[in-house]
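> Below are the C-alpha cells for one structure; questions will follow.
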Amino acid sequence: MQDVAKNSLSEFYPKLFFLAVILCLGLGVATPNARAAEDRDSSLSPGESGCPLPALERLKLHRVASGETLASIAQQYELLPATLLGMNPVLRRGEPPVGTEILIPPYNGIRLRLQPGETFEEIARKYNLRHDLLFEVNGCQLVGDEIFVPGVNWSPLNPTNAAPPRPPLWVIPGYPLASKGGIILAYGQQLRPGQNKVAFHSGIDIYAQEGDPVLAAGDGVVVFAGYRGAYGNLVVINHAENKQTRYAHLQGFSVQSGQQVRRGDRIGTVGSTGRPDISEFHLHFEVRSASELGWVAENPEVYLR
C-alpha cells in the first residue's frame, strides 16, 4: 500500500542523506524538493501494490540545448553533476555537444551491474543502505542484471562510495491500540494469506477486535483523514523528525485534516474497510520517513517501544 501527503515542512535530511521504497500523491508535509517529492512518492499510486515503478524504468531522456552545461542540466533536474556523469559516460569527455541525448534518473544515485547471484541484501550492506529501501526503489523485484542504488555518489576514483551513515532512530512514544496485540502480518516481503504469492507489505497488521479504539502513536498533525482505496478509512499523522504514521482499514475516524493530536488521543476504531490483506480484524499500521523519494515505508517494529 502506498503514499499520501503534502503540507509544509521547511527542511528535512540533507538531500543525499539516506533516501529512506515507496513514493506519489503526497498528503503530508512538503519537502525542500516539494514538487519532486510529489512526483516520486507513489505510496497511493494506481494499483496500490506498495511498490513504485523501478527507478531504471523512470529514466528521462534529455537533449542538450545550446548554452546548456553539465552543471545547468543537473540543476534543472535537482540532481548532482556526479549523478549525470555516472549515468552518461559521454559526459566524462567534457561539456556535451548540442543535440547529445543523456539519461536523467529520478533522483541521485548510481546504476549498478549485479554479479551473478548477488542479492538486494548484499548490495544494501555494501553501500550502507536499508535493504527494504533498495528493494522498493527497484520496484520490489530483481529483474535483469542492473539496479539503481539511491544516495550514492558516482566517482571515477571511488565508484563504490557509500551513502552517508543513518541518523539515530526516532522512537514512537506510544502504541496505536489501547493494548499491545500480536502481529499477524509483518512488514516487508511476505507470503500473502490465501494468495500463494510473495508481495511487499508496507506496514504491520496488528490483531484487534472490531470497534477497538485506535490511538495516535505520538504527538503530531493529522494530514489526511478519509477513504483512500485499498487503505479504506485512513488517518495519516505527521510527527517530528520527518516521520509519519498511518492507520488503515478503520471502521470510522474521529479526527480531521489539520487537527493537532497528542499521543494516546483516540483517532478512530478498528474495522475492515478497503482491501485488507487478511480476513481477521486488525489495524494496519505504517511508519514512513520523509526523503528525496517522498514518504518511504519503514518497519514499524523498529520504532515501537
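Every number in this text was worked out from the coordinates using simple rules, so none of it is lab data. This is a predicted model, so every value here is computed, not measured. All Cβ positions, glycine included, derive from the backbone under ideal geometry; neighbour counts span all protein chains shown.
> Just to be sure I understand the model, the point goes 7 Å from the Cα along the line to the Cβ. What's the resulting Arg262 to His131 distance in nm?
Placing both labels 7 Å beyond Cα along the Cβ direction yields 4.1 nm.
> For Tyr207, what is the net charge nearby, where nearby means another residue's Cβ is under 12 Å from its Cβ and Lys, Arg count +1, Asp, Glu -1?
-3
> Run the numbers for Arg113 and Val90: contour at 0.36 nm per residue of separation, minus the present Cα-Cα distance, in nm. All intermediate terms of the calculation are to be shown ahead of the outcome.
Details: separation 23, 0.36 × 23 = 8.28 nm, distance 1.83 nm.
Taking 0.36 nm per residue and subtracting the Cα distance, the gain is 6.5 nm.
> Can you figure out the FRET efficiency of Gln141 with Ala186, using R₀ = 30 Å and their beta-carbon distance, to the nearest 0.05?
After rounding, the FRET efficiency stands at 0.95.
> Output the peptides 59-65, 82-88, 233-239, 250-256 sorted from most to least packed, where packing is the average of other Cβ atoms within 10 Å over each peptide's residues.
Ranked from most to least packed, the peptides come out as 233-239, 82-88, 250-256, 59-65.
> Round to the nearest 0.05 the FRET efficiency obtained for Glu57 and Val302 when R0 = 30 Å and r is the Cβ-Cβ distance.
0.55
> Separate question: Only Lys, Arg, Asp and Glu count, each charged at its Cβ (+1, +1, -1, -1), so figure out the dipole size of the stretch 183-303 about its Cα centre, rounded to 20 debye.
Magnitude of the dipole: close to 220 debye.
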